[in-house]
Amino acid sequence: MKNLACAFTGRSNSGKTTLIEKLAKELAFTHKVAIIKHDPKDKARFDTEGKDSYRFYQAGASVAVVSSVKTTIMLQESRSIKNIAASFGEVDYLFVEGLKEIPLPRIAVMREEVEERFFPYIKAVAVDHTINRKLIPQGIDILDLNEPLEILAWIDQNALPIKEMQ
(Lines give C-alpha, C1' and ligand atoms only; values in the text may rest on other atoms or scores of the structure.)
Protein backbone atom coordinates (compact mmCIF):
# COMPACT_ATOMS: atom_id res chain seq x y z
CA MET A 1 0.00 0.00 0.00
CA LYS A 2 1.33 3.39 -0.99
CA ASN A 3 -1.00 5.53 1.18
CA LEU A 4 -0.13 8.80 -0.60
CA ALA A 5 -2.10 12.05 -0.61
CA CYS A 6 -1.87 14.85 -3.18
CA ALA A 7 -4.08 17.86 -3.90
CA PHE A 8 -5.12 19.63 -7.10
CA THR A 9 -5.97 23.28 -7.60
CA GLY A 10 -7.05 25.38 -10.55
CA ARG A 11 -9.68 27.79 -11.71
CA SER A 12 -13.08 26.52 -12.80
CA ASN A 13 -12.97 24.61 -16.10
CA SER A 14 -9.17 24.35 -16.05
CA GLY A 15 -9.24 20.57 -16.33
CA LYS A 16 -8.81 19.49 -12.69
CA THR A 17 -11.63 16.95 -12.80
CA THR A 18 -10.52 15.56 -16.16
CA LEU A 19 -6.95 15.13 -14.90
CA ILE A 20 -8.02 13.45 -11.66
CA GLU A 21 -10.38 11.21 -13.61
CA LYS A 22 -7.51 10.18 -15.95
CA LEU A 23 -5.26 9.43 -12.99
CA ALA A 24 -7.96 7.36 -11.28
CA LYS A 25 -8.60 5.38 -14.47
CA GLU A 26 -4.88 4.76 -14.89
CA LEU A 27 -4.67 3.38 -11.34
CA ALA A 28 -8.07 1.66 -11.02
CA PHE A 29 -7.02 -1.88 -11.88
CA THR A 30 -3.94 -2.00 -9.66
CA HIS A 31 -4.51 0.46 -6.82
CA LYS A 32 -7.24 1.68 -4.50
CA VAL A 33 -8.00 5.36 -5.15
CA ALA A 34 -10.12 7.76 -3.10
CA ILE A 35 -11.03 11.32 -4.05
CA ILE A 36 -12.21 14.18 -1.89
CA LYS A 37 -13.78 17.05 -3.83
CA HIS A 38 -14.33 20.48 -2.34
CA ASP A 39 -17.76 21.95 -3.00
CA PRO A 40 -17.52 25.48 -1.54
CA LYS A 41 -21.02 26.51 -2.66
CA ASP A 42 -22.74 23.28 -1.53
CA LYS A 43 -24.25 22.70 -4.96
CA ALA A 44 -22.69 19.38 -6.01
CA ARG A 45 -25.04 16.58 -6.99
CA PHE A 46 -23.90 13.11 -6.11
CA ASP A 47 -24.59 10.26 -8.55
CA THR A 48 -25.71 12.58 -11.36
CA GLU A 49 -24.32 11.45 -14.70
CA GLY A 50 -21.69 13.83 -16.02
CA LYS A 51 -21.05 15.51 -12.66
CA ASP A 52 -17.60 15.38 -11.06
CA SER A 53 -18.49 12.91 -8.30
CA TYR A 54 -20.14 10.57 -10.80
CA ARG A 55 -17.13 10.74 -13.15
CA PHE A 56 -14.72 9.99 -10.29
CA TYR A 57 -16.82 7.03 -9.15
CA GLN A 58 -17.09 5.70 -12.72
CA ALA A 59 -13.28 5.95 -12.96
CA GLY A 60 -13.04 3.44 -10.11
CA ALA A 61 -12.43 5.70 -7.13
CA SER A 62 -14.24 6.05 -3.82
CA VAL A 63 -15.55 9.62 -3.53
CA ALA A 64 -16.45 12.19 -0.89
CA VAL A 65 -17.76 15.68 -1.65
CA VAL A 66 -17.03 18.25 1.08
CA SER A 67 -18.86 21.55 1.62
CA SER A 68 -19.07 23.88 4.60
CA VAL A 69 -22.36 22.38 5.75
CA LYS A 70 -22.08 18.68 4.88
CA THR A 71 -19.87 15.94 3.63
CA THR A 72 -21.47 13.73 1.03
CA ILE A 73 -20.75 10.32 2.15
CA MET A 74 -24.24 11.40 3.18
CA LEU A 75 -23.25 12.92 6.53
CA GLN A 76 -25.18 16.00 7.63
CA GLU A 77 -22.13 17.63 9.14
CA SER A 78 -18.69 18.78 8.12
CA ARG A 79 -15.72 16.51 8.84
CA SER A 80 -11.97 16.99 8.85
CA ILE A 81 -10.07 15.77 5.81
CA LYS A 82 -8.16 13.28 7.96
CA ASN A 83 -11.46 11.93 9.32
CA ILE A 84 -12.93 11.62 5.82
CA ALA A 85 -9.78 9.91 4.57
CA ALA A 86 -10.03 7.40 7.43
CA SER A 87 -13.60 6.52 6.37
CA PHE A 88 -12.21 5.22 3.05
CA GLY A 89 -10.02 2.70 4.86
CA GLU A 90 -6.64 1.82 3.41
CA VAL A 91 -6.07 3.46 0.02
CA ASP A 92 -3.03 3.73 -2.21
CA TYR A 93 -3.83 7.23 -3.44
CA LEU A 94 -5.96 10.00 -1.99
CA PHE A 95 -6.57 12.88 -4.37
CA VAL A 96 -8.05 16.12 -3.03
CA GLU A 97 -9.62 18.59 -5.45
CA GLY A 98 -9.60 22.08 -4.01
CA LEU A 99 -9.29 22.85 -0.28
CA LYS A 100 -6.11 24.89 -0.74
CA GLU A 101 -5.80 25.44 3.01
CA ILE A 102 -5.04 21.73 3.49
CA PRO A 103 -1.24 21.38 3.68
CA LEU A 104 -0.69 18.75 0.99
CA PRO A 105 1.70 18.67 -1.96
CA ARG A 106 -0.39 20.39 -4.60
CA ILE A 107 -0.51 20.48 -8.39
CA ALA A 108 -2.19 23.44 -10.09
CA VAL A 109 -3.88 22.74 -13.40
CA MET A 110 -3.55 25.62 -15.85
CA ARG A 111 -4.70 26.02 -19.43
CA GLU A 112 -4.73 29.20 -21.49
CA GLU A 113 -3.86 31.45 -18.56
CA VAL A 114 -1.17 31.41 -15.86
CA GLU A 115 -2.86 31.79 -12.48
CA GLU A 116 -0.21 33.42 -10.26
CA ARG A 117 -2.54 33.38 -7.23
CA PHE A 118 -1.90 29.62 -6.88
CA PHE A 119 1.91 29.87 -6.76
CA PRO A 120 2.13 30.18 -2.95
CA TYR A 121 0.19 26.90 -2.51
CA ILE A 122 1.68 24.60 -5.14
CA LYS A 123 4.73 22.45 -5.74
CA ALA A 124 3.95 21.69 -9.39
CA VAL A 125 1.85 22.89 -12.29
CA ALA A 126 0.27 20.69 -14.96
CA VAL A 127 0.01 22.64 -18.20
CA ASP A 128 -0.72 22.09 -21.87
CA HIS A 129 0.67 23.83 -24.97
CA THR A 130 -1.36 27.00 -24.29
CA ILE A 131 0.83 28.01 -21.33
CA ASN A 132 4.15 29.83 -21.70
CA ARG A 133 6.32 27.73 -19.37
CA LYS A 134 8.72 30.65 -18.90
CA LEU A 135 6.02 32.34 -16.78
CA ILE A 136 6.21 29.56 -14.15
CA PRO A 137 8.59 30.50 -11.31
CA GLN A 138 11.69 28.44 -10.60
CA GLY A 139 11.10 25.92 -7.85
CA ILE A 140 7.71 24.88 -9.22
CA ASP A 141 7.85 21.67 -11.21
CA ILE A 142 6.24 21.80 -14.66
CA LEU A 143 4.28 18.71 -15.74
CA ASP A 144 2.57 17.91 -19.03
CA LEU A 145 -1.19 17.97 -18.46
CA ASN A 146 -1.64 15.36 -21.21
CA GLU A 147 0.81 12.85 -19.70
CA PRO A 148 -0.88 11.16 -16.72
CA LEU A 149 2.03 8.74 -16.21
CA GLU A 150 4.42 11.68 -15.81
CA ILE A 151 2.07 13.23 -13.26
CA LEU A 152 1.73 9.92 -11.38
CA ALA A 153 5.53 9.62 -11.24
CA TRP A 154 5.66 13.12 -9.72
CA ILE A 155 2.98 12.15 -7.20
CA ASP A 156 4.88 9.00 -6.23
CA GLN A 157 7.96 11.15 -5.53
CA ASN A 158 6.27 14.13 -3.84
CA ALA A 159 2.96 13.15 -2.25
CA LEU A 160 2.51 13.12 1.51
CA PRO A 161 1.89 9.84 3.33
CA ILE A 162 -1.76 9.90 4.42
CA LYS A 163 -0.79 9.18 8.04
CA GLU A 164 1.10 12.49 8.08
CA MET A 165 -1.94 14.54 7.02
CA GLN A 166 -3.12 17.14 9.52
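Does ARG106 satisfy the criteria of being basic (Lys, Arg) and under 14 Å from THR9 (Cα atoms)? Steps first, please.
Details: basic (Lys, Arg): yes; under 14 Å from THR9 (Cα atoms): yes.
Against the criterion (basic (Lys, Arg) and under 14 Å from THR9 (Cα atoms)), ARG106 qualifies.
Could you count how many residues in region 12-51 are modelled with pLDDT of 60 or more, within 24 Å of GLU147 (Cα to Cα), loosely packed, with under 12 Cβ neighbours inside 10 Å and not aromatic (Phe, Trp, Tyr)?
Summing the residues that are modelled with pLDDT of 60 or more, within 24 Å of GLU147 (Cα to Cα), loosely packed, with under 12 Cβ neighbours inside 10 Å and not aromatic (Phe, Trp, Tyr) in region 12-51 gives 3.
Which residues, taken from region 141-156, are among the aliphatic types (A, V, I, L, M) and under 16 Å from the mean Cα position of the chain (by Cα)? Before the answer, list the steps.
Within region 141-156, the subset among the aliphatic types (A, V, I, L, M) is 142-143, 145, 149, 151-153, 155.
Matches in region 141-156: LEU143, LEU145, LEU149, ILE151, LEU152, ALA153, ILE155.
Would you check which residues across region 118-146 are of a type in the set (Asp, Glu) and in contact with a helix residue (DSSP H, G or I) (Cβ under 9 Å, 6 or more places away or on another chain) and list them? Spell out how you get there, then give the answer.
At the first step, the residues of region 118-146 found to be of a type in the set (Asp, Glu) are 128, 141, 144.
Residues satisfying the conditions are ASP141, ASP144.
Could you list all residues from region 4-31 that are out of contact with any strand residue (DSSP E or B) (no Cβ under 9 Å at 6 or more places or on another chain) and under 18 Å from PRO105 (Cβ atoms)?
none
Mind counting the residues in region 122-164 that are in contact with a Leu (Cβ under 6 Å, 6 or more places away or on another chain), within 21 Å of ALA28 (Cβ to Cβ) and outside any helix (DSSP H, G or I)?
2
Test of understanding: among LEU99, LEU75, which residue is at positive phi and at pLDDT below 90? Walk me through it before giving the result.
Details: LEU75 fails: at positive phi.
Every option except LEU99 fails the conditions.
Is it true that SER68 is modelled with pLDDT under 65 and crowded, with 16+ Cβ neighbours inside 10 Å? Talk me through it step by step, then tell me what you get.
Numbers: modelled with pLDDT under 65: yes; crowded, with 16+ Cβ neighbours inside 10 Å: no.
Answer is no for this residue.
The values are calculated or read from the model by the stated rules, or taken from the named source; none is laboratory data. Remember, it's a predicted structure, so these values are computed and weren't measured experimentally. Neighbour counts run over all protein chains shown; Cβ positions are idealised from the backbone, glycine included.
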